[in-house]
1. Would you mind finding the one in 606, 635 that is β-branched (Val, Ile, Thr), assigned to a helix (DSSP H, G or I) and within 25 Å of the chain's Cα centre (by Cα)?
2. When the stretch 113-135 is examined, which residues are found to be part of a helix (DSSP H, G or I) and either aromatic (Phe, Trp, Tyr) or under 21 Å from residue 42 (Cα atoms) (or both)?
3. Considering each of 357, 293 in turn, give the residue that is β-branched (Val, Ile, Thr) and farther than 23 Å from residue 399 by Cα.
4. Condition first: within 26 Å of residue 9 (Cα to Cα), touching a residue at least 12 places away in the same chain (Cβ under 8 Å), in contact with a Lys or Arg (Cβ under 6 Å, 6 or more places away or on another chain) and not assigned by TED's automatic domain parsing to the domain that holds residue 379. Can you find one or more residues in the stretch 100-107 that meet it?
5. Please pick out the residue among 644, 667, 658, 571 that is assigned by TED's automatic domain parsing to the domain that holds residue 534 and either in a helix (DSSP H, G or I) or at pLDDT below 85 (or both).
6. Being touching a residue at least 24 places away in the same chain (Cβ under 8 Å), under 30 Å from residue 105 (Cβ atoms) and not acidic (Asp, Glu): is that true of residue 522 here?
7. Can you report the number of residues in the stretch 321-336 which are touching a Gly at 6+ places or on another chain (Cβ under 8 Å) and within 12 Å of residue 297 (Cβ to Cβ)?
8. Out of the residues in the stretch 288-323 that are hydroxyl-bearing (Ser, Thr, Tyr) and within 20 Å of residue 383 (Cα to Cα), which is farthest from the chain's Cα centre (by Cα)?
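The values are calculated or read from the model by the stated rules, or taken from the named source; none is laboratory data. Computed from a predicted model, the values in this text were never measured in an experiment. Because the Cβ atoms are built from the backbone with ideal geometry, glycine has one as well, and the counts that use them run over all protein chains shown.
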Amino acid sequence: MGSLVLPNFLYKTKDESGNEKTFRVLWVDPGNIIAWVIDIEAKKGMPELVKISTLIESLLSGSAQVKTHDPWIRSIREGNISKSDKKVRNTAYAIISFILEKVKEPGIYTQSRRGSVVKEAAKEFKTSVVTIYTYLRRYWQRGMTENALLGDYSNCGRSKVIAIGPKKRGRPRNPALGRGINVDSDIKQMIQIAIDMKFKTRKNNQIRFAWKWFLVNFFPDYVYFVNGKKRIRIKEGAEVVSYFQFRYWFLKLRQAELVNIMISRQGRIKFELKNRALLSRSDFDVMGPGSRVQIDATVANVYIVSRYNRKWIIGRPVIYFVIDVYSRLVIGMYVGLEGPSWIAAANAIANCAEDKVEFCRKYGIEITSEDWPVKGLPQKIIGDRGEMEGKAVETLQKNLKVFIENTPSYRADLKGIIERRFRTTQEKVKPLIPGYVDPGQKERGGRDYRLDGVLDLYEFTQIMIHCVLEYNTNNYLQDYERDEFLVSNDIRPIPRELWNYGVKNVNGGLRYFPEEIVKLNLLPTATATVTRQGLKFKSMRYSCQRAIKENWFERSGMDGSWCVDISYDPRTLDFIYIRGKNGIDFEICELLEVEERYKNKTYDEIEYLQKYESLQQKIYEPEEVQSEIDFDMEIEDIVEGAKRKLPNTNELGSKSSRIKGIRENHRNEKEINRKEEVFDLRKDKNESCRVLVYSPEAEKQLYQTAENHELFRNKQKEKLNGK
């Protein structure tokens, strides 16, 4: 139970007067005996010491309750913070960092060890003790993140610039060589130019060559000619910068850009291979589970098919793993079609804080919390440059205090743990999966392995989850170096066993945050359009309670459409989220029932389908245009034929006469058409229905029928004319 009490954990209780208070856990003893907490609303409060056993008893009895809503953890985009606010925040955080460097946890929470350091910081940063205590209190109360200090003001000092006078500085020269000159800011700039022009090149010039170029170009005395060739005479030795001065300032100025100079002279690839620092191994100095993790991506060596149409081969999926350095446990993963990017990395990081039981259930796999005992964010993430840089990463660092370290290019050795995990996983499933990429086995004229793919993205993800579960629970780490405590407690080097031991006895850096806050800070953002048909995003339509309640869709029909900021989860677009302005609230929007074909599909699959349909439409477009042209020409031919059948203008008669006869013409035309449109069920249309034999009676009946018909027509005309 003690492992459930993690740093940043919130719980509420009531004091003796019945007033409700909310406390934040600041630090937990590695032995799970004691913890330091603070009242997050106290005006003058400081950290208090509590027993974990007492706290757990209060939680079990109901006198204390877990608080899932954190009022101080906000999703604030770094780009939305003004420069002045950033300056104030950074100054306050510098003071906090100074104090935490002097006194580590848990000593900082005791007054006896904190007081002297606070006074020292006040003197160092030229501010008051009261101001520093305000910073500390807010830092602890608001989640111990940088953004907890936004809006606080303080001033810092300014370093003194020493002016260079006429007196020669440095070690005196031999009088015979002259007094020499001082190196001022202008000469420093000249030295920097000489370094850039003649030392930072692939020619690997020596420092002395750069110094000679420096003298010729900045300290010439006069020009002379030898055999018609131009020569430059430099000034006397006492009037120029000596080689030792040049070398001294060269070494001093280059310290800030030593790596850049070496890369410029050798090239980045050669520098990373031969001159990079090799001071440690990737798992050295790891405090415990969650204190440091590695994240990386690889393209799976297997071709998969579409869930929409099994005949479609959609390429190779991308796998992201997040591995804990201390225990080697896979604490997060992502499988999709999105290439290495922040969208994919964010899904893997969010999976670290996700309930693994529910996550596996989405893919039809039933586990218990003991099978994959991870739900929290790590303290530090080591990743590659590219996807782990940008505004989204800054937001993660400022709001959730998850620090990002980026390895240099061509330095896969700094993430050797996760690199090996990828190789092992792919080798393990290679014999079992059809469509596996094995270029070395393909012969000329042989079968294309891409045609053997049968798995879709959902099924391949199921396989990867099983790989992770099997690795976490059964993989014996042969190269893992156990410390004396692991050996004495007979802890086997199996990831899950190492993790469980570390959580109970070492603690580490895993921290709890509400899952919805984590996702808000990680989910990609976009805009959706409010229309009469619904809230449109990626050509899909959504609705939510707020939109219905406030009549958004009806208003868009009268006032026109508008856009709203949303976040979305690429793993399923059944829901999107409208972000609140305060960074905490959000509105859930659900996919409409008419968009059934997009249900339970990933962002990648939907985008693939839409691109496929768009491509098919473009392919068919020439045929459609040709059909329309043929249609137009057919209509034009009919119209031209009708024009040729018209009588001459002189034979048409006057306009009034033609218009006046429209009704009568219509009636006559209708009578003719009736004879042609009548339903005649005779098999032989030329055969008469009956045979008439001539007789006086038959002739009399025929005339009588004709007279009756003429009488009927006259009556009909009278009725039409209103008589």
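1. On the way: 635 fails: within 25 Å of the chain's Cα centre (by Cα).
Only one candidate passes the filter, namely 606.
2. Just the residues of the stretch 113-135 that are part of a helix (DSSP H, G or I), to begin with: 113-125, 129-135.
Of everything in the stretch 113-135, those that are part of a helix (DSSP H, G or I) and either aromatic (Phe, Trp, Tyr) or under 21 Å from residue 42 (Cα atoms) (or both) turn out to be 114, 115, 118, 125, 129, 130, 131, 132, 133, 134, 135.
3. Numbers: 293 fails: farther than 23 Å from residue 399 by Cα.
None of the other options fit; the residue is 357.
4. Let us first name the residues in the stretch 100-107 that are within 26 Å of residue 9 (Cα to Cα), namely 100-107.
Adding the requirement that they be touching a residue at least 12 places away in the same chain (Cβ under 8 Å) leaves 102-103, 105-106.
Next, from what is left, pick out any that are in contact with a Lys or Arg (Cβ under 6 Å, 6 or more places away or on another chain): 103.
From what is left, the residues that are not assigned by TED's automatic domain parsing to the domain that holds residue 379 are 103.
Checking the stretch 100-107: at least one residue is within 26 Å of residue 9 (Cα to Cα), touching a residue at least 12 places away in the same chain (Cβ under 8 Å), in contact with a Lys or Arg (Cβ under 6 Å, 6 or more places away or on another chain) and not assigned by TED's automatic domain parsing to the domain that holds residue 379.
5. Numbers: 644 fails: assigned by TED's automatic domain parsing to the domain that holds residue 534; 667 fails: assigned by TED's automatic domain parsing to the domain that holds residue 534; 658 fails: assigned by TED's automatic domain parsing to the domain that holds residue 534.
Just one listed residue meets the conditions, 571.
6. Numbers: touching a residue at least 24 places away in the same chain (Cβ under 8 Å): yes; under 30 Å from residue 105 (Cβ atoms): yes; not acidic (Asp, Glu): yes.
Yes.
7. Just the residues of the stretch 321-336 that are touching a Gly at 6+ places or on another chain (Cβ under 8 Å), to begin with: 321-322, 324, 326-327, 331.
Filter once more, so that each one left must be within 12 Å of residue 297 (Cβ to Cβ): 321-322.
Counting residues in the stretch 321-336 that are touching a Gly at 6+ places or on another chain (Cβ under 8 Å) and within 12 Å of residue 297 (Cβ to Cβ) gives 2.
8. Of the stretch 288-323, the ones hydroxyl-bearing (Ser, Thr, Tyr) are 291, 298, 303, 306, 308, 320.
Within this subset, residues satisfying the condition of being within 20 Å of residue 383 (Cα to Cα) are 291, 298, 320.
Numbers: 291: 23, 298: 17, 320: 13 Å.
The selected residue is 291.
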